[in-house]
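The structure under discussion appears below in the form of structure tokens.
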Amino acid sequence: LSSVPFTSVRQTMVFSLTFLALASLSLPSGAVDVGRAADLSKLGTKTPYDDRKTTKASTSTPSPRHCEDLPSSIQLLARHGARHTGKPSDLTELGAELIELGSPLPFLRTYSYPGTEEVANNLIEMGKEEHKGIGARLGALFGEGFFEDYNPNFLMINSTTLSRTGQSATSFCSGAGIDAPFVRMDSTGRDDILRFYDHCEAWDDNADSAAAPYKSYAKTRDFKSALEEFSALAELPPGVIISAEQFNRAFEACAYDLILSSQTEEWCSLFSEGSLDVANYVTDLKKFYSYGPGFSINRDFTAFLVKSIIEGLESDTKGTLRFAHAETVIPFLSAIGIFDGQEPLGDVRRPDRSFKMNEIAPFSANVVLAKYTCKGDSEDLVKFLVNEAEITTVRGCNGNVYCPVSSFKSAVSDLLERAQTNSLDEICTAHEN
């Protein structure tokens, strides 16, 4: 293990982003007042973390009388905070592509993603602040002294080898009051707990099947209408329509305009309420099958992560803080049953779906398992928080906020058995065609 220190008619509209306070702006005709209709918190996995939606410690459900008031240990799984795009040149080139298609919009001629390849995927200041705030609020929930009395032998802090997760860990610790944190990383080149998806050939082989529902949706009138609306707002010549791939890149460019500079007058101005919702749904549709409950392998390959968390709950330590990726958090949520009952996503956008990446897996998404020690012969309980809000949809917990550790363990017993008797390679091989 190693450690890291860490021009057409204009109409006025207001874009609302749940993390950023934005003023009213003048934008192209056809774009809607998303401040009233469909705010720009719908940015898929590029949505900034909204701390105003979180459940604060002062409003949390009290623990049962026979249990301690404050948690005795924590198991945290968190996604890294807001970061730069991984492919700056792809967004920069989009402006030139739209000009070539015939758009006269001035900003396209000067647009360049505000960052080079050297900063690709790096955490930005917003991401650091997201985790710093989460650390401070969880510190209040767990009580004075829980994090401040830090001992690396009793409170483990783990991250993947990518710098943005280590930086997220140190930012969290800064907010929580943990001085000089020791952040452990897997140095073997194979992390079956936090980056299991890197080592599963059957999952790689399933990529075409996972992409099929999106390819089907891309042929629907709903999706084609979104491309047409976007092309109209980009003032492309009649009959010229951008491609699906360009539409998806523009959605990312809009997200980064907001994240990096609170900018709404450029890429975001090319989305109507409807096309923005379509772009957000595309993210959900892709993730549902690539990492979510769409395929059983997306649950099964979390076996060693689930085993690690159960072992942590049953130990006498203060717990483990884990900092990883959306591709870690989403499968784990599927594994514990958060999306049970969700019908498979397909060609029809369902507004009542529970699988919404902007809500479940924004930047800095986090899952907390807080263990409460109970008196006498009473079993210890665990409370689940997703993005700091209590949830009651965990498999085995019968809709209760406080769940016996054994009940949760029983609900994931199949995964524990797999991790006990098989390697990750063997688990994945079982899914090969």
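The values are calculated or read from the model by the stated rules, or taken from the named source; none is laboratory data. Since we're looking at a predicted model, the values are computed, not measured. Quick reminder, even Gly has a Cβ in these numbers, built from the backbone with ideal geometry, and neighbours come from all protein chains shown. Heads up: the accessible areas ignore ligands, DNA and RNA and are worked out on the full protein's heavy atoms, side chains in. Shrake-Rupley method; radii C 1.70, N 1.55, O 1.52, S 1.80 Å.
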Checking residue 368 against (1) crowded, with 16+ Cβ neighbours inside 10 Å; (2) within 23 Å of the chain's Cα centre (by Cα); (3) assigned to a loop (DSSP other than H, G, I, E, B), the condition it does not meet = (3)
So which residues in the stretch 298-348 are farther than 15 Å from residue 395 by Cβ and assigned to a loop (DSSP other than H, G, I, E, B), if there are any at all?
-> 301, 315, 316, 317, 318, 325, 343, 344, 345, 346, 347, 348
Within the stretch 180-189, the residues that are modelled with pLDDT under 95 and not aliphatic (A, V, I, L, M) are 186, 187, 188, 189
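In this structure, is residue 104 modelled with pLDDT of 95 or more, assigned to a loop (DSSP other than H, G, I, E, B) and open to solvent by 50 Å² or more (accessible area, probe 1.4 Å)?
On the way: modelled with pLDDT of 95 or more: yes; assigned to a loop (DSSP other than H, G, I, E, B): yes; open to solvent by 50 Å² or more (accessible area, probe 1.4 Å): yes.
Taking the combined requirement at face value, the residue satisfies it.
Check the stretch 178-199 and report whether any residue there is surrounded by fewer than 18 Cβ atoms within 10 Å (Cβ to Cβ), in contact with a Gly (Cβ under 7 Å, 6 or more places away or on another chain) and either at positive phi or of a type in the set (Gly, Ala, Ser) (or both).
Within the stretch 178-199, the first condition is being surrounded by fewer than 18 Cβ atoms within 10 Å (Cβ to Cβ), and the residues that meet it are 179-180, 186-190, 198-199.
From what's left, in contact with a Gly (Cβ under 7 Å, 6 or more places away or on another chain): none.
No, there is no match, as no residue in the stretch 178-199 is surrounded by fewer than 18 Cβ atoms within 10 Å (Cβ to Cβ), in contact with a Gly (Cβ under 7 Å, 6 or more places away or on another chain) and either at positive phi or of a type in the set (Gly, Ala, Ser) (or both).
Where residues in the stretch 254-270 are over 18 Å from residue 120 (Cβ atoms) and of a type outside the set (S, T, N, Q), which of them is most open to solvent (accessible area, probe 1.4 Å)?
Restricting attention to the stretch 254-270, the residues satisfying the condition of being over 18 Å from residue 120 (Cβ atoms) are 254, 258, 262-270.
Still in the running and of a type outside the set (S, T, N, Q): 254, 258, 265-268, 270.
On the way: 254: 0, 258: 0, 265: 96, 266: 49, 267: 0, 268: 1, 270: 0 Å².
Filtering the stretch 254-270 for residues that are over 18 Å from residue 120 (Cβ atoms) and of a type outside the set (S, T, N, Q), the one most open to solvent (accessible area, probe 1.4 Å) comes out as 265.
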Is there a residue being open to solvent by 10 Å² or more (accessible area, probe 1.4 Å), closer than 25 Å to residue 51 by Cβ and under 13 Å from the mean Cα position of the chain (by Cα) anywhere in the stretch 298-319?
-> no
Over the stretch 260-281, the set of residues in contact with a Ser or Thr (Cβ under 9 Å, 6 or more places away or on another chain) and either under 14 Å from residue 46 (Cα atoms) or of a type in the set (Asp, Glu) (or both) is 265, 280
Which residue out of 85, 92, 45 is among the β-branched types (Val, Ile, Thr), modelled with pLDDT of 90 or more, under 22 Å from the mean Cα position of the chain (by Cα) and part of a helix (DSSP H, G or I)?
-> 45
Count, please, the residues in the stretch 219-248 that happen to be open to solvent by less than 40 Å² (accessible area, probe 1.4 Å) and more than 15 Å from residue 98 (Cβ to Cβ).
-> 4
Find all pairs meeting these conditions: Cβ atoms under 6 angstrom apart; at least six residues apart or on different chains; first residue within the stretch 222-250 and over 20 Å from residue 109 (Cβ atoms); second residue open to solvent by less than 40 Å² (accessible area, probe 1.4 Å) and at pLDDT below 95.
-> 229/272
Which one of these does residue 267 not meet: (1) within 20 Å of residue 96 (Cα to Cα); (2) touching a strand residue (DSSP E or B) at 6+ places or on another chain (Cβ under 7 Å)?
-> (2)
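Only one residue in 363, 355, 408 is at pLDDT 95 or above and not in a loop (DSSP other than H, G, I, E, B). Which one?
On the way: 363 fails: not in a loop (DSSP other than H, G, I, E, B); 355 fails: not in a loop (DSSP other than H, G, I, E, B).
After applying the criteria, what remains is 408.
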When you look at residue 240, is it hydrophobic (A, V, I, L, M, F, W, C) and in contact with a Ser or Thr (Cβ under 8 Å, 6 or more places away or on another chain), yes or no?
-> yes
Report yes if some residue within the stretch 382-393 is among the basic types (Lys, Arg) and either assigned to a loop (DSSP other than H, G, I, E, B) or open to solvent by 50 Å² or more (accessible area, probe 1.4 Å) (or both); otherwise report no.
-> no
Return the total of residues in the stretch 173-200 being in contact with a strand residue (DSSP E or B) (Cβ under 9 Å, 6 or more places away or on another chain) and closer than 30 Å to residue 300 by Cβ.
-> 9
Given the conditions (1) modelled with pLDDT of 95 or more; (2) open to solvent by 30 Å² or more (accessible area, probe 1.4 Å); (3) in contact with an Asp or Glu (Cβ under 9 Å, 6 or more places away or on another chain), which single one is not true for residue 427?
-> (2)
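Return yes or no: is residue 251 of a type outside the set (Asp, Glu), under 25 Å from residue 428 (Cβ atoms) and either modelled with pLDDT of 95 or more or surrounded by fewer than 23 Cβ atoms within 10 Å (Cβ to Cβ) (or both)? Can you show your working first?
On the way: of a type outside the set (Asp, Glu): yes; under 25 Å from residue 428 (Cβ atoms): no; either modelled with pLDDT of 95 or more or surrounded by fewer than 23 Cβ atoms within 10 Å (Cβ to Cβ) (or both): yes.
Considered against the rule, which asks whether it is of a type outside the set (Asp, Glu), under 25 Å from residue 428 (Cβ atoms) and either modelled with pLDDT of 95 or more or surrounded by fewer than 23 Cβ atoms within 10 Å (Cβ to Cβ) (or both), residue 251 comes out as no.
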